[in-house]
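The structure under discussion appears below in the form of structure tokens.
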Amino acid sequence: MDPVRFDYGNLLAPRTSGGMDPARLEGDLAERFRVAHTAVEAQREAGVLGFLELPYGEETVDRVVELADGFAQWFEDVVVLGIGGSGLGATALGQALLGPFWNLRSAEEREHFPRLHVVDNPDPYTFAALLERLDPTRTMFNVVSKSGATAETMAQYLVARGWIESAVEPDKARGHFLFTTDPTSGALRQIGEPEDIPMLPVPPNVGGRFSVLSPVGLLPAAVCGVDPRALLAGAAAMDDRCRSDVLSENPAGVLAALLHAADTESGRGIHVMMPYADRLRAVGLWFQQLWAESLGKAVDLEGRTCHVGPTPLAALGATDQHSLLQLLMEGPHDKVVLFLGVEDVGVDVPIPERYPGIPALAYLGGHSLGHLLDVERSATAEALRREGRPNATFLLPRVDEGALGQLFMLLQIATVYAGALYGVDPLDQPGVELGKRLTYGLLGREGSERPDLEEPDASWVV
């Protein structure tokens, strides 16, 4: 398996003005990382970091493949109902590995695998428009909620269940659903067990934003023909590379240590993930949740107020060279840009040689769109370096299961290393709980207190 490589030279001085002294990678940063690595390995041994166990769960992946094969034979459309990590992973995998316009291809072009839809927001306009386009007799819903209490997802399930039951006999409706949820408890278990609805487990020690390599992400990908075992093999290969406590040998450690130092020492707390491939656009959004929700915390591991955390931003090259690059080049020195490049794009489009008398066009002939995109990435990284703007590049050998498995695992491991460096728990998300409780109260959930909301002051409304 060809490795995903991480080129961090543009984060270092003197190559980049304001970059990190490379000697620190063998000095204080190496020592800090060794402490963080020890803490993470202790959590691994204690079974806290369940995402690290996912590449080795053969029984689970066998069950994923079994269910995926069965559902793929019966349905034309698969709809994933899940929000946050319960939807972003499936979106990122589908977008990367199924390729563009999957749902517009004919059944023959898809090799008779179903179309895939991920509905991660309860916007009624979107949901209604989707249902209007689908045949309920040939549609399957994968409902993803670890707790079975996610308001948005469960509301969508109730709508979908009614829609299916309006079109098929009641005793056949259950055959249109698959639940991905907690292995022992929750509302989906209460529904699924007596109705004999197929269910896949989300391990108790795997949180939503770390679940892309669990059945949460694997089932939607597998039902459309993606090889989940190849994804997990890539993840296992990266896990092995990241077991070293020597900073310079550990790609996830280098990423975490340099970004942590950029934030806490240089004020570069905005971390821009910028893929140069449309297929990887959703990877930037997936990383945005992973980095933000894991590291943005008000209280550290000792219970002290800290208010720490970098701000991730998802971008797309070359598109955002025409929207964000001016800010990245000349705005505040508060950003680090992380590029995602692809060495073998798989399919390329040659640029014809025409208009030799027009210099603005003539130079493009003889190249290809893939080469143009990659040159733009390299040129943008160099332009940022020359302006003293630190950046780094992940290089994927190609966009396939092995490379995606490596990349997802690298970024997840880097996140827990960064949590140890910041001194916070990267696995919890207390900041989102208040909004959930207020939602429950406003909707009248049993046992939830209805909050008294401040009435708007008319003098402040225009």
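The values are calculated or read from the model by the stated rules, or taken from the named source; none is laboratory data. All values derive from a computational prediction rather than experimental measurement. Cβ placement follows ideal geometry from the backbone for every residue including glycine, while neighbour counts extend to all protein chains displayed.
Taking the stated definitions as given, is V223 among the hydrophobic types (A, V, I, L, M, F, W, C), closer than 24 Å to D120 by Cβ and in contact with a Gly (Cβ under 8 Å, 6 or more places away or on another chain)? For V223, the condition - among the hydrophobic types (A, V, I, L, M, F, W, C), closer than 24 Å to D120 by Cβ and in contact with a Gly (Cβ under 8 Å, 6 or more places away or on another chain) - is not met. Residues in the range 58-83 that are among the small types (G, A, S) and modelled with pLDDT of 95 or more: A68, G82. Considering the range 163-188, the residues that are modelled with pLDDT under 95 and acidic (D, E) include one that is farthest from S211 (Cα to Cα), namely E169.
Would you confirm, using the coordinates I've provided, whether F287 is among the aromatic types (F, W, Y), part of a helix (DSSP H, G or I), out of contact with any Cys (no Cβ under 8 Å at 6 or more places or on another chain) and modelled with pLDDT of 95 or more? So F287 fits the description; yes. Of all residues in the range 222-237, those that are of a type in the set (A, V, I, L, M, F, W, C) have Cβ atoms under 6 Å from Cβ atoms of residues that are crowded, with 17+ Cβ neighbours inside 10 Å and modelled with pLDDT under 95, 6 or more apart or on another chain, in V223/F71; V223/A72. For the range 406-430, taking the residues that are modelled with pLDDT of 95 or more and of a type in the set (S, T, N, Q), the one that is farthest from V40 (Cα to Cα) is identified as Q406.
In summary, G388 fulfils each of the numbered conditions (1) under 30 Å from F51 (Cβ atoms); (2) in contact (Cβ under 8 Å) with a residue 40 or more places away in the chain; (3) surrounded by fewer than 14 Cβ atoms within 10 Å (Cβ to Cβ) with the single exception of condition (1).
Taking G47 as the residue in question, decide whether it is under 21 Å from the mean Cα position of the chain (by Cα) and either in the same structural domain as A235 (by TED's automatic domain parsing) or of a type in the set (G, A, S) (or both).
no
Can you tell which of L427, L395, L407 is in contact (Cβ under 8 Å) with a residue 24 or more places away in the chain, of a type in the set (A, V, I, L, M) and more than 16 Å from A237 (Cβ to Cβ)?
Residue meeting the stated conditions: L427.
Restricting L178, L131, L188 to those that are in a helix (DSSP H, G or I), under 20 Å from G89 (Cβ atoms), in contact (Cβ under 8 Å) with a residue 24 or more places away in the chain and not basic (K, R) reduces the list to L188. A count restricted to the range 65-83 and to residues that are in contact with a helix residue (DSSP H, G or I) (Cβ under 6 Å, 6 or more places away or on another chain), assigned to a helix (DSSP H, G or I) and either charged (D, E, K, R) or buried (at least 24 other Cβ atoms within 10 Å of the Cβ) (or both) stands at 1. Does S86 qualify as being within 30 Å of E343 (Cα to Cα), surrounded by fewer than 18 Cβ atoms within 10 Å (Cβ to Cβ) and not acidic (D, E)? Considered against the rule, which asks whether it is within 30 Å of E343 (Cα to Cα), surrounded by fewer than 18 Cβ atoms within 10 Å (Cβ to Cβ) and not acidic (D, E), S86 comes out as no.
Of all the numbered requirements in (1) of a type outside the set (F, W, Y); (2) under 19 Å from the mean Cα position of the chain (by Cα); (3) within 27 Å of G419 (Cβ to Cβ); (4) crowded, with 21+ Cβ neighbours inside 10 Å, V342 misses one, and that requirement is (3). The single residue among L442, L410, L438 that is part of a helix (DSSP H, G or I) and either under 30 Å from L280 (Cβ atoms) or small (G, A, S) (or both) turns out to be L410.
Taking the criterion of being surrounded by fewer than 13 Cβ atoms within 10 Å (Cβ to Cβ) and either within 22 Å of R398 (Cβ to Cβ) or in contact (Cβ under 8 Å) with a residue 12 or more places away in the chain (or both), the only residue of the range 354-374 that qualifies is G366.
Listed conditions (1) within 28 Å of G99 (Cα to Cα); (2) more than 24 Å from the chain's Cα centre (by Cα) are all met by E193, apart from (1).
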